[in-house]
Amino acid sequence: MNVLELLARTTAHGVQLGQVSRSTLRASPQDIEWLMVGLSEFQEHLIRAAYQLDKASRHQAWAIWFRRLMAHGWQTDRPRLVENLTTSSLDYWLSPKRCSVCHGVGEVIADDRVVTCEHCAGTGRHERSPTRICRGLGLPRGHVYPEWISRWHAALAELDREESDAARHMISRLDRRQ
């Protein structure tokens, strides 16, 4: 089981970790908190927003994400556009919508082999059209803005990196604990 998935199952009574390193462990919410020690403020809020559906963390993650995107220098003279990029990319990243072909796995079986899903390019998420991306950014209708579409995809890639870094950190803490 993915360590991050544990956060989704956190309850007041703890969570059953299942098979981890050939041993069955039981983790309480305090154990999950311990795993998260050392994450950056952004990673902590991002993980809580994604896996615990914590609205306060979602707002905090949005504020930090906005500052980080503004620091890229992308049209900082038009902060409303960067606000829309922040909201659009974070909402899409946090959304539970999965690819209709691989059902969120990112891989499919073809000719008795496991291959990367071509429909979602292995992300497991449904693909958003360039027109929808531009609409979500509040750009004028009837035009596609390649530079903003690439920025939107770059923002998603950065969010994925943050999640991966957080997962690596939590897994290393779990391994050290055992």
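Read the figures in this text as sums done on the coordinates, not as results from a lab. Predicted model only: the values in this text are computed from it and were never measured. Reconstructed Cβ throughout: ideal geometry from the backbone, glycine too, with neighbour counts over all protein chains shown.
Brief remarks on what is shown
- Residue separation of A154 and R78 scaled by 0.36 nm, minus their Cα-Cα distance, works out to 25.5 nm of gained length.
- Length released on extending from A167 to T87, taking residue separation times 0.36 nm less the Cα-Cα span: 26.5 nm
- Take every Cα pair under 8 Å whose residues are at least 6 apart in sequence, average their separation, divide by the length of the range 69-178, and the relative contact order is 21 percent.
- Nonlocal amide H pairs with R125, under 5 Å, H built at 1.01 Å: C99
- Report note on the peptides 61-72, 109-120: ranked by the mean count of other C-beta atoms within 10 Å, highest first, their order is 61-72, 109-120.
- Applying 1/(1 + (r/R0)^6) with r as the Cβ-Cβ distance of H59 and R98 and R0 = 30 angstrom yields a FRET efficiency of 0.75.
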